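Enquirer: Just passing along the structure, written as structure tokens.
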Amino acid sequence: MNAPGHSAVAAEHWLPVHTALVQGLVHACNNRVAALSGITQLYEAQLSTSEEGMQQLGGEVERMRQLMAMFRLVSATGGSRREPARMGEALRSAAALLAYHLEARQAQFTAPEDSPDVEPVLLLTGDPLRFALLAYLAAAAGAGKGGGVTASVARVLDETLVTITAPGREADLRAREEFTALAQAAEREGGSLRSAPGPDGSVLLLLALPGLQKATARG
């Protein structure tokens with residue numbers, strides 16, 4: 001079992017992911033600052049009307065709000081208590097975050113909707129997102145530019161099963177540092193990680209975590 005109050009994802013495994021995401025978000029913020037500067041310059045040069053300027057500013061404010069939400073996601077830390085969380089929600093948040101990842105953003109991530117028959121998992125705050133990010137990043141290596149990476153969540157007996165499907169080879173998937181990190185984190189939580197060849201040259205990443213009842217009984 002993982003130590004109380006400590007993320008199942010080792011710090012040395014999470015740090016490179018966190019750093020890459022923060023760098024991508026900072027890059028996006030710089031783009032927004034440049035856009036705001038451009039809007040101001042156009043207005044000062046009387047090349048846009050006040051109405052056009054306000055409309056453009058409104059769009060930039062909304063984009064900045066979205067960026068702040070992404071910063072809050074990536075900076076969330078684990079507390080001392082475990083809480084029920086839905087992996088479908090974690091996967092959707094991870095897919096949104098990876099749009100800012102300087103390398104992984106080339107892939108196209110599809111996240112599932114929550115199904116009522118799937119049990120939540122019981123993890124520290126922040127760990128569902130970390131698990132989802134590691135799973136996507138491990139599978140995305142073979143996706144290439146514009147490649148599709150899809151996720152699904154299902155209930156299998158007393159476990160919650162996350163399946164990631166992506167183009168690539170099983171050997172390459174298993175060689176990824178993110179795959180190793182995720183396997184170790186899953187084991188700490190009483191779960192498992194495996195891979196399998198998928199249809200049409202794809203590869204499957206299969207992450208199983210105890211459902212809420214099993215996790216609660218585990219203590």
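The values are calculated or read from the model by the stated rules, or taken from the named source; none is laboratory data. Just so it is clear, the model here is predicted, and its values are computed rather than measured. Note: ideal-geometry Cβ built from the backbone for every residue, glycine included; neighbour counts use all protein chains shown. In case anyone asks, the SASA skips ligands and DNA or RNA and just uses the protein heavy atoms, side chains included. Shrake-Rupley method; radii C 1.70, N 1.55, O 1.52, S 1.80 Å.
Enquirer: What number comes out for accessible area per residue over the range 67-155 if the probe is 1.4 Å? Units Å², please. It would help to have the intermediate numbers written out before the result.
Expert: Numbers: 3930 Å² over 89 residues.
Per residue, the range 67-155 has an accessible area of 44 Å².
Enquirer: How much of the DSSP beta bridge set in the chain is antiparallel, as a percent to the nearest 5? Mind dumping the intermediate values first?
Expert: Numbers: 26 of 29 bridges.
About 90 percent, rounded to the nearest 5.
Enquirer: Taking the chain as a Gaussian network, where each spring joins two C-alpha atoms under 10 Å apart, which residue of Leu133, Leu91, Leu42 fluctuates the most?
Expert: Leu42
Enquirer: Among Gly53, Gly168, Gly147, whose mean-square fluctuation peaks in a Gaussian network model of the chain (Cα, cutoff 10 Å)?
Expert: Ranking Gly53, Gly168, Gly147 by mean-square fluctuation puts Gly53 first.
Enquirer: Shifting gears a bit: Taking a probe of 1.4 Å, how large is the accessible area per residue of the range 1-51, in Å²? Please list the in-between numbers first.
Expert: Numbers: 3180 Å² over 51 residues.
Per residue, the range 1-51 has an accessible area of 62 Å².
Enquirer: Taking the range 104-219, how much of its Cα-Cα pair set, in percent, is spaced more than 19 angstrom apart? Could the numbers behind the result be given before it?
Expert: Details: 2838 of 6670 pairs.
Result: 43 percent of Cα pairs exceed 19 Å.
Enquirer: What's the carbon and sulfur percent of the chain's accessible surface, probe 1.4 angstrom, rounded to a whole number? Mind showing how you got there, number by number?
Expert: Details: 6070 of 11400 Å².
Of the solvent-accessible surface of the chain, carbon and sulfur hold 53 percent.
Enquirer: With the dipole of the range 43-182 worked out from charges on the C-beta (+1 for Lys and Arg, -1 for Asp and Glu) around the Cα centre, which of Ser50, Ala96, Ala107 lies farthest toward the positive end?
Expert: About the Cα centre, the residue reaching furthest to the positive side is Ala107.
Enquirer: Here's a follow-up. Taking the structure as given and computing semi-axes √(5λ) of the Cα gyration tensor in Å, which label from [x] 41, 16, 13; [y] 31, 21, 15; [z] 36, 20, 15 fits?
Expert: [z]
Enquirer: Report, in debye and to the nearest 20, how large the dipole of the chain comes out about its Cα centre when Lys and Arg carry +1 and Asp and Glu carry -1 on their Cβ. Mind showing how you got there, number by number?
Expert: On the way: 19 positive and 23 negative charges, 81 e Å.
It works out to roughly 380 debye.
Enquirer: Along the charge dipole of the chain, which of Pro128, Leu182, Ala151 sits closest to the positive end, that is, farthest toward it, with unit charges on the beta carbon of Lys, Arg, Asp and Glu (+1, +1, -1, -1)?
Expert: Checked the options; the winner is Leu182.
Enquirer: Can you compute the charge dipole magnitude of the range 163-215 about its Cα centre, using +1 on each Lys and Arg Cβ and -1 on each Asp and Glu Cβ, nothing else charged? Give it in debye, rounded to the nearest 20.
Expert: On the way: 6 positive and 7 negative charges, 31 e Å.
In debye, rounded to 20, the range 163-215 gives about 140.
Enquirer: Right, another one. Could you work out the relative contact order of the range 83-204, using alpha carbon pairs under 8 angstrom and six or more residues apart, expressed as a whole percent? Before the final figure, lay out each step's value.
Expert: On the way: 216 pairs, mean separation 30.2, N = 122.
25 percent.
Enquirer: Helix-derived [θ] at 222 nm for the chain: sum -39500 (n - 2.57) over DSSP H runs of at least 4, divide by residue count, nearest 500? Spell out each step's value before the answer.
Expert: On the way: 7 runs with 110 residues, N = 219.
Roughly -16500 deg cm²/dmol at 222 nm, from the helical runs in the chain.
Enquirer: Rounded to the nearest 20 debye, what is the charge dipole size of the range 1-105 about its Cα centre when +1 sits on each Lys and Arg Cβ and -1 on each Asp and Glu Cβ?
Expert: 500
Enquirer: Let me ask something additional. Taking springs between alpha-carbon atoms closer than 10 angstrom, which of Glu12, Glu178, Glu51 fluctuates most in the Gaussian network model of the chain?
Expert: Comparing Glu12, Glu178, Glu51 in the GNM, the peak value goes to Glu51.
Enquirer: Let me ask something else about it. Given an 8 Å cut-off on Cα distances and at least 6 residues of separation, report the relative contact order of the chain as a percent.
Expert: On the way: 383 pairs, mean separation 45.7, N = 219.
Computed value for the chain: 21 percent relative contact order.
Enquirer: Mind giving me the nanometre distance, one decimal, between the label points for Gln108 and Glu177, set 7 Å out from Cα along Cα→Cβ?
Expert: In this crude spin-label approximation the distance works out to 2.9 nm.
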